[in-house]
Amino acid sequence: MPVNVIIHVSLIFLVVYLLVSSTSNAEGFEIESQDVRRSEFPDTFLFGTAVSSYQVEGGYLEDGKGLSNWDVFTHIPGNIKNNENGDDADDDYHLFLEDAEIAQSLGVNAYRFSISWARILPRGRFGEVNPGGIKFYNKIIDNLLLRGIEPFLTIHHFDLPQELEDRYGAWLSPLMQDDFLLLAETCFKTFGDRVKYWTTINEPNMFAEMSYVRGLYPPAHCSPPFGNCSVGNADIEPLIVVHNMLLAHGKAVKLYRERFQSKQGGSIGLVVHSHMYEPLRDVESDRQAVNRALAFTGGWILDPLVFGDYPPEMRQYHRSELPRFSSEETEYMKGSIDFIGLNHYSTLYAKDCIHSPCVLGGDHFIRGFTFTTGERDGTLIGEPTGVERFYVVPRGMEKIVDHVSKRYNNMPIYVTENDILTGYCPPLTEAAPNLLHDVNRINFYNGYLAALARAIRKGADVRGYFAWSLMDNFEWAGGYSSTFGLYYVDRLTMNRTPKLSAKWFQHFLANRSSARFNRQRFVNRTPKSRRARKSKYIVIATTNANATDV
């Protein structure tokens with residue numbers, strides 16, 4: 001072979017390598033290089049994007065909406081990074097028609113969103129239904145259906161009327177079950193003729209963790225060693241909160257099945273958050289720690305909904321504070337999901353804390369007597385991301401789906417959230433040259449979707465996948481600094497600009513080979529979106545751009 005040909009071929013391989021590993025200088029991380037295609041998934045598979053009400057809507061006191069817990073919490077200085085809030089968020093309350101248009105342009109056939117409880121029932125059961133809120137969500141649902149996109153509706157995603165918190169402590173009280181039942185009934189009556197996919201509550205385990213263990217979400221309850229809040233008990237309150245949320249779910253499903261499901265023809269489930277875990281050491285105690293970590297996260301939520309009680313791994317080490325279900329409750333809790341919604345982001349190592357010392361709360365019941373970490377002998381489990389304890393470990397997707405399928409009799413699964421934080425959200429200037437060129441997110445999607453396809457080939461009944469998120473949004477305690485979106489949102493103008501990953505997702509959904517996706521094709525393009533003063537109306541960018549061209 002001539003020398004010039006050898007040099008040319010070498011340069012090609014070098015460019016390919018740089019594209020795959022462009023944002024990491026670390027060695028040894030798992031790289032999924034195989035091609036993945038839409039055709040590897042069933043024809044009826046739902047591919048969509050996901051958002052939640054408080055994170056994107058804005059319009060926080062418009063058209064009769066009441067104050068939510070997040071409206072109040074974010075206005076307290078120091079609670080949110082940069083003291084930001086969701087008063088405007090992505091202004092989706094005014095711009096949803098445009099957001100539906102960009103979702104349709106991606107080629108998705110489903111769209112996951114949530115109800116703002118305070119927009120529908122501003123005072124819970126202590127007030128009336130708000131017609132303005134009903135009108136808004138009717139507009140969303142009808143517009144999605146006109147575009148051939150299935151609404152995948154979450155009834156409760158972290159935000160709730162502040163009045164319920166003030167009156168009786170919200171989820172710490174069993175009274176909250178009846179308030180949630182009213183919200184669910186209102187949704188079934190009003191939207192159920194068009195909504196065929198329901199999830200009752202998003203991530204009860206993550207809500208309990210962030211609100212009642214770490215104290216980073218409202219109402220900010222915690223206790224040492226997990227945090228230093230003015231109120232709270234991290235060993236007890238999360239158990240009470242989750243118990244009330246599960247019973248509220250069970251009552252709502254019972255109502256749906258008795259009065260609505262046969263006529264409306266929908267299905268209903270709940271969304272759980274779960275990492276995958278691997279033993280930190282090659283010892284039996286750490287393998288048992290993996291089992292406990294899985295049981296004390298996903299199993300904590302799913303076992304009662306499938307089997308009627310908390311996991312035996314929890315009962316084995318139970319304290320008297322772990323609630324019990326009455327015989328009547330067990331009857332309607334058992335089998336109270338038609339499918340499992342699974343939010344999966346990362347994989348961690350697990351270490352036993354029963355037979356060996358641990359730090360950072362691993363020796364507490366609420367942690368399953370397990371210490372989890374992303375590092376072993378100085379080496380990370382996967383490529384780090386912009387979120388602490390989130391690592392890129394594609395094999396974890398296959399493993400968690402396999403675990404859930406086996407533990408829960410191969411119930412239908414929808415992966416309701418999956419993504420990577422590839423950067424932060426500064427203004428789109430020369431200071432952020434790689435903001436739109438999010439190659440790491442493309443590599444993440446390729447690897448995780450390939451792993452999901454393997455799990456399906458092995459027999460897992462997975463029926464949908466939702467990328468989190470359609471656009472950069474208010475990321476809870478992180479404010480607007482985190483960028484999980486396929487679309488960049490300019491905080492001054494609210495213009496949406498597609499990132500490179502949006503083009504990749506569109507390419508993938510059109511069933512074109514991801515190996516043929518030319519990343520360089522979308523570099524050095526000048527955007528057609530224009531900057532303007534913030535208003536209700538925006539121009540949707542229809543082409544990609546390198547940030548240095550803006």
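The values are calculated or read from the model by the stated rules, or taken from the named source; none is laboratory data. Keep in mind that what you see is a predicted model, and the values were worked out from it rather than measured. Here the Cβ is made from the backbone with ideal geometry for all residues, glycine too, and neighbour counts use every protein chain on show. To get the accessible areas, we keep the full protein, side chains included, count just its heavy atoms, and leave off ligands, DNA and RNA. Shrake-Rupley method; radii C 1.70, N 1.55, O 1.52, S 1.80 Å.
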Any idea which of (1) among the small types (G, A, S); (2) open to solvent by 10 Å² or more (accessible area, probe 1.4 Å); (3) not in a loop (DSSP other than H, G, I, E, B) is the one G335 doesn't satisfy?
(3)
Conditions (1) open to solvent by 10 Å² or more (accessible area, probe 1.4 Å); (2) free of Cβ contacts under 8 Å to residues at least 24 places away in the same chain: number failed by D235
(2)
When the residues of segment 185-198 are filtered to those that are assigned to a loop (DSSP other than H, G, I, E, B) and in contact with a Pro (Cβ under 9 Å, 6 or more places away or on another chain), which remaining residue is nearest to T74 (Cα to Cα)?
V195
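Open to solvent by 40 Å² or more (accessible area, probe 1.4 Å), within 24 Å of A451 (Cβ to Cβ) and out of contact with any helix residue (DSSP H, G or I) (no Cβ under 7 Å at 6 or more places or on another chain), is that true of R324?
On the way: open to solvent by 40 Å² or more (accessible area, probe 1.4 Å): yes; within 24 Å of A451 (Cβ to Cβ): no; out of contact with any helix residue (DSSP H, G or I) (no Cβ under 7 Å at 6 or more places or on another chain): yes.
So R324 does not fit the description; no.
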Considering only residues that are buried (at least 18 other Cβ atoms within 10 Å of the Cβ) and without any contact (Cβ under 8 Å) to a residue 60 or more places away in the chain, which ones fall in segment 255-277?
Q261
Under 6 Å between Cβ atoms, at least 6 apart or on separate chains: pull out the pairs that start in segment 168-195 with a residue that is within 21 Å of F113 (Cα to Cα) and end on any residue that is of a type in the set (F, W, Y).
L183/W117; F188/Y256; F188/F260; G192/F260
Among the residues of segment 176-189, is there at least one that is within 27 Å of E475 (Cα to Cα), within 23 Å of the chain's Cα centre (by Cα), among the charged types (D, E, K, R) and open to solvent by less than 30 Å² (accessible area, probe 1.4 Å)?
no
Run G341 past the list (1) within 30 Å of R257 (Cβ to Cβ); (2) without any contact (Cβ under 8 Å) to a residue 40 or more places away in the chain; (3) among the small types (G, A, S) and report the number of the one that doesn't hold.
(2)
For segment 486-536, the count of residues that are farther than 24 Å from Y448 by Cα, at pLDDT 65 or above, part of a loop (DSSP other than H, G, I, E, B) and among the hydrophobic types (A, V, I, L, M, F, W, C) equals 2
Please state which of the following conditions Y137 fails to meet, knowing it meets all the rest: (1) closer than 18 Å to S211 by Cβ; (2) under 21 Å from the mean Cα position of the chain (by Cα); (3) not small (G, A, S).
(1)
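Got a number for residues in segment 342-359 being under 25 Å from the mean Cα position of the chain (by Cα) and among the aliphatic types (A, V, I, L, M)? If you could, list the steps in order and put the result at the bottom.
Initially, segment 342-359 is screened for residues under 25 Å from the mean Cα position of the chain (by Cα), giving 342-350.
In the following step, the residues that additionally are among the aliphatic types (A, V, I, L, M) were identified as 342, 348, 350.
Number of matching residues: 3.
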Kindly indicate whether any position in segment 54-77 is open to solvent by 50 Å² or more (accessible area, probe 1.4 Å) and either of a type in the set (G, A, S) or within 16 Å of N143 (Cα to Cα) (or both).
no
For the condition out of contact with any Phe, Trp or Tyr (no Cβ under 9 Å at 6 or more places or on another chain), surrounded by fewer than 23 Cβ atoms within 10 Å (Cβ to Cβ), under 23 Å from L61 (Cα atoms) and among the hydrophobic types (A, V, I, L, M, F, W, C), what is the one hit in L97, L121?
L97
So S114 clears everything in (1) among the small types (G, A, S); (2) touching a His at 6+ places or on another chain (Cβ under 9 Å); (3) more than 24 Å from G478 (Cβ to Cβ) except one condition, right? Which one?
(3)
Residues satisfying the stated conditions in segment 435-478, i.e. part of a loop (DSSP other than H, G, I, E, B) and on the phi > 0 side of the Ramachandran plot
G459
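Of the residues S267, S320, only one is hydroxyl-bearing (S, T, Y) and over 21 Å from the mean Cα position of the chain (by Cα); which? Before you say what the answer is, go through the steps one by one.
Details: S267 fails: over 21 Å from the mean Cα position of the chain (by Cα).
Testing whether each residue is hydroxyl-bearing (S, T, Y) and over 21 Å from the mean Cα position of the chain (by Cα) leaves just S320.
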Counting only residues that are modelled with pLDDT of 95 or more and within 26 Å of L181 (Cα to Cα), give me the helices (runs of 4 or more DSSP H) lying completely in segment 199-311 with at least 3 of them.
204-208, 237-259, 261-264, 300-306
Filtered residue count, segment 379-416, keeping only those that are among the small types (G, A, S), modelled with pLDDT of 95 or more and part of a loop (DSSP other than H, G, I, E, B)
1
Picked from segment 35-53 (must be open to solvent by less than 10 Å² (accessible area, probe 1.4 Å) and assigned to a loop (DSSP other than H, G, I, E, B)), the residue modelled with the lowest pLDDT is V36
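Yes/no matrix, rows are residues, columns are (1) touching a helix residue (DSSP H, G or I) at 6+ places or on another chain (Cβ under 9 Å); (2) surrounded by fewer than 16 Cβ atoms within 10 Å (Cβ to Cβ); (3) assigned to a helix (DSSP H, G or I); (4) among the aliphatic types (A, V, I, L, M):
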{"residue": "E128", "(1), (2), (3), (4)": "no, yes, no, no"}
{"residue": "K135", "(1), (2), (3), (4)": "no, yes, yes, no"}
{"residue": "N138", "(1), (2), (3), (4)": "yes, yes, yes, no"}
{"residue": "I141", "(1), (2), (3), (4)": "yes, no, yes, yes"}
{"residue": "L145", "(1), (2), (3), (4)": "no, yes, yes, yes"}
{"residue": "L153", "(1), (2), (3), (4)": "yes, no, no, yes"}
{"residue": "F158", "(1), (2), (3), (4)": "yes, no, no, no"}
{"residue": "E163", "(1), (2), (3), (4)": "yes, no, yes, no"}
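Could you say which residue among P384, P311 is open to solvent by 10 Å² or more (accessible area, probe 1.4 Å) and within 26 Å of the chain's Cα centre (by Cα)? Steps first, answer last, please.
Values: P311 fails: open to solvent by 10 Å² or more (accessible area, probe 1.4 Å).
Sole residue among the options that is open to solvent by 10 Å² or more (accessible area, probe 1.4 Å) and within 26 Å of the chain's Cα centre (by Cα): P384.
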Which numbered condition trips up V72, out of (1) modelled with pLDDT of 95 or more; (2) among the β-branched types (V, I, T); (3) not in a helix (DSSP H, G or I)?
(3)
